[in-house]
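Below is one structure, written out as structure tokens; comments come after it.
The values are calculated or read from the model by the stated rules, or taken from the named source; none is laboratory data. Please read all numbers here as calculations on a predicted model, not as lab measurements. Note that each Cβ is placed from the backbone with ideal geometry, even for glycine, and that neighbours are counted across all protein chains shown. Side chains included, ligands, DNA and RNA excluded: accessible areas come from the protein's heavy atoms. Shrake-Rupley method; radii C 1.70, N 1.55, O 1.52, S 1.80 Å.
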Amino acid sequence: MTAIPVDRLRRSRLRVQQMELVLHLLECGTISAAAEAMGLTQSAVTRSLKELESLLEVTLFERSHSGVSPTPQCGPVESLVRDFRQNLEETAKRVRAMEAGDGEALRIGAEPGVPMHRLADAIERLLVEHPDARIALRCESRGSLVGALDRGSLDLVLVRTDLGAAHRRHRFHALGQHTLRLVCGTRHRVAGMPGLDVAGLARQRWLLPPEDHPITRRVELAFSQAGVAPPERRVEALYSMSLLRLIAEGGLICAMDEEMLADGLLEHRLFALPDLLNLSPVTLFAIERGGLSGSATTRRLLALLDQQSPPANLRRSA
């Protein structure tokens, strides 16, 4: 399949009307019906479609006597157009709300496993200062949140991630580093096992996030530095407090932020394993869209997040 010429599109005179034409053709099924829905002549619709297909260098619709039908190449273009329409509608709503003087919600995203009590404390203090402030919170995967930030659907995102070239368009605010601890259920066979070593750890079943997650990378690096192959028996999951019961009862070993377990281990029936691995800390970041000046509410929330003291030392189980 030929790649869509993105650079050429950026320099072209692609019109919103041409993008809307794709949806009208999909919904109506014929050029005549699409022309009527758009208030255009059939010749104008045909000409506009040819221009769009020429720009994209693909055929979007197959023509026949019964109407038009989308080609496989039309699918990605349809997704692009629908996203564009949604963003356009959201922008229009925001502009109307600003003209009407309505307060706009501060839209925050948080990756699963981020210490939520830190965010909750900052939001609570913000609402004390600004009782009328509105907060909208989403908890999704890091990729989904960064994508929403790109589209302008979120104002601020909290993630545990490594800085990379792909995210240089954003502004990163480091909120502090969190120490990782190995934990398992109190009834796990390695809990309190004398003589437990790194090789023994590697033979256990682990619960880890996806391979590109910073915690997983740190675990794999720590095993490599110890001269032992990383664990092969894994259950993959994004971290959250809801997984604590699975760890406690599922015979799994996990590397978790101390801050996630700051309230103690015993109440969750978890056991803190000895520090056999040299696990480097994970940094918590707040991310803003690059090139845009955040609102006063966003800046205040960032200040409140940054003011919080680092987590207290984790209490070890007996």
Inset, instruction - Could you run the Karplus curve 6.51 cos²θ - 1.76 cosθ + 1.60 with θ = phi - 60° over the range 151-157 and give me ³J(HN,Hα) per residue in whole Hz, x for Gly and Pro? - result: 7, x, 7, 10, 9, 8, 10
Inset, instruction - Quote to one decimal, in nm, the extra length available between residue 71 and residue 120 on full extension: 0.36 nm per residue of separation minus the C-alpha distance between them. - result: 12.8 nm
Inset, instruction - Show the residues, 5+ positions off or on another chain, whose built amide H is closer than 5 Å to the amide H of residue 137. - result: 108
Inset, instruction - Using θ = phi - 60° and the Karplus relation 6.51 cos²θ - 1.76 cosθ + 1.60, list the HN-Hα couplings for the range 114-121 in order, rounded to whole Hz, with x at every Gly or Pro. - result: 5, x, 6, 5, 5, 5, 4, 4
Legend entry - Long-range HN-HN contacts of residue 154 with modeled amide H, under 5 Å: 149
Legend entry - Shape of the range 121-248, Cα gyration tensor, a/c cut at 1.5: prolate
Legend entry - the range 181-237 - percent of accessible surface contributed by carbon and sulfur, probe 1.4 Å: 48
Inset, instruction - Determine, from the Cβ-Cβ distance of residue 130 and residue 153 and an R0 of 30 Å, the FRET efficiency 1/(1 + (r/R0)^6), rounded to the nearest 0.05. - result: 0.85
Inset, instruction - May I ask you to evaluate 6.51 cos²θ - 1.76 cosθ + 1.60, the Karplus curve with θ = phi - 60°, for each residue of the range 209-226 and list the ³J(HN,Hα) values in order in whole Hz, giving x for glycine and proline? - result: x, x, 4, 7, 6, x, 5, 4, 4, 5, 5, 5, 5, 4, 5, 4, 5, 7
Legend entry - Simple spin-label estimate for residue 232 and residue 193 in nanometres, 7 Å along Cα-Cβ: 1.7
Inset, instruction - Amide H neighbours of residue 170 under 5 Å, at least 5 residues apart or on other chains, H built in the peptide plane: list them. - result: 290
Legend entry - Potential extension, residue 173-residue 89 segment - 0.36 nm per residue separation minus Cα distance: 27.2 nm
Legend entry - Linear extension gain, residue 82 paired with residue 211, 0.36 nm per residue minus alpha-carbon span: 43.3 nm
